[in-house]
Each structure stands twice: as C-alpha cells, then as structure tokens.
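> Quick one: this structure, given as structure tokens, is what I'll be asking you about.
The values are calculated or read from the model by the stated rules, or taken from the named source; none is laboratory data. Quick caveat: nothing in here was measured; it's all calculated off a predicted structure. Cβ placement follows ideal geometry from the backbone for every residue including glycine, while neighbour counts extend to all protein chains displayed.
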Amino acid sequence: MPKCNRCGQDVFIASRDGYCGDCEGIVRKQEREQRLQGIILTTSVDVPNRDIENILGIVASEAAIGQNFLKDIGNSIRDIVGGRSGNVQNTLKQARNSCLAELRQEALELGADAVIAVDLDYNEASTGSGGGILFVTASGTAVKLKS
C-alpha cells in the first residue's frame, strides 16, 4: 500500500504528488502562500531588471473601517492639543496591509508575477452619528514578467 510522502501514513489512493488527503491540503496551502509572497508589488511602472511579458489587468481592493465613538473623543482631544493617534495609525496600517494582501490574491488569480503602479488612497467619511469611516483603497496593474 502506498504511503504519504509527507507524513508516512498508509493511503488507499494518494494524490498525484503522493500525499494523503490531509497533507495534500496543507501542502497546497503552503505552496499558495509562497506564490502569494513571491508576487512583487511596486509603485513604479516597471520592475527593475525585469521585462513585462503581458499586462493582465487592473487589480483593486478596498477596506472600510468604522471609528469607535470613544476613540474619536481621544482623537478630538489630540486635534486640539496636538500629537499622534496610535489607534488610528494602527487601524490605517492594518487596512493598508489588508489591501495589499488582497492585491496579491487578485494578481495570483490572474496568473501575475507582479503588480505595478500600485496606488494607495486614504479617505474619511462622516456618518453623522458621532463616528466616521476610514477608507483605504489600493489599485495597480497585474503583469506577467518574462522569465
């Protein structure tokens, strides 16, 4: 009986790569993560020392974050006396990282190696109820690079 190449468990039917069902999912997830991390994100219109083979399309992502009323009170005080708001900065950083991760996911689905001309935009909208919503958007052009 064949054995899984990863865990050594006996398998009735192994995948084409020789993994059991459990290990197959783990390995595929790890491979996807590696491909995601390998996608280049750049604000420039090219990738240094690499030629673009094909433009695959525009990719974009958005994040909208509601602001907490109590945090807003603290921010209002900071507006008066000056200073930085660590809560807002952390929220914006998380939103930015989320948007960039989503750009990579969309690019991967298109078969891209890179996203060029990445643009990040930040905006705020008042909800009129004492809170607000912070918006972060990211967009760029997914490209396939020459080998």
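> Inspect the range 30-49 for any residue being small (Gly, Ala, Ser) and either in contact with a strand residue (DSSP E or B) (Cβ under 6 Å, 6 or more places away or on another chain) or surrounded by 14 or more Cβ atoms within 10 Å (Cβ to Cβ) (or both) and give the result as yes or no.
The answer is no; no qualifying residue exists.
> Within the range 25-50, take every residue that is assigned by TED's automatic domain parsing to the domain that holds Ser15 and of a type in the set (Asp, Glu) and give me the one that is nearest to Ala101 (Cα to Cα).
Taking the candidates together, the pick is Glu33.
> Ok, one more. Take the range 5-33 and flag every residue that is among the basic types (Lys, Arg), assigned to a helix (DSSP H, G or I) and either in contact (Cβ under 8 Å) with a residue 12 or more places away in the chain or at positive phi (or both).
Of everything in the range 5-33, just one residue is among the basic types (Lys, Arg), assigned to a helix (DSSP H, G or I) and either in contact (Cβ under 8 Å) with a residue 12 or more places away in the chain or at positive phi (or both), namely Arg32.
> In the set Ala138, Ala107, Ala114, which member is more than 25 Å from Ile65 (Cα to Cα), crowded, with 16+ Cβ neighbours inside 10 Å and out of contact with any Asp or Glu (no Cβ under 6 Å at 6 or more places or on another chain)?
Just a single option satisfies the conditions, and that option is Ala114.
> Next question. Look through the range 1-21, keep the residues that are under 16 Å from Glu31 (Cα atoms) and at pLDDT below 80, and return whichever of them is surrounded by the most Cβ atoms within 10 Å (Cβ to Cβ).
Result: Ser15.
> Further question: For the range 54-77, state whether one or more residues are modelled with pLDDT of 90 or more, touching a Leu at 6+ places or on another chain (Cβ under 7 Å) and either among the aromatic types (Phe, Trp, Tyr) or at positive phi (or both).
Scanning the range 54-77, I find at least one residue that is modelled with pLDDT of 90 or more, touching a Leu at 6+ places or on another chain (Cβ under 7 Å) and either among the aromatic types (Phe, Trp, Tyr) or at positive phi (or both), so the answer is yes.
> Can you name the number of the only condition in (1) within 27 Å of Ala142 (Cα to Cα); (2) of a type outside the set (Ser, Thr, Tyr); (3) out of contact with any helix residue (DSSP H, G or I) (no Cβ under 6 Å at 6 or more places or on another chain); (4) assigned to a helix (DSSP H, G or I) that Leu36 fails?
Status for Leu36: all satisfied but (3).
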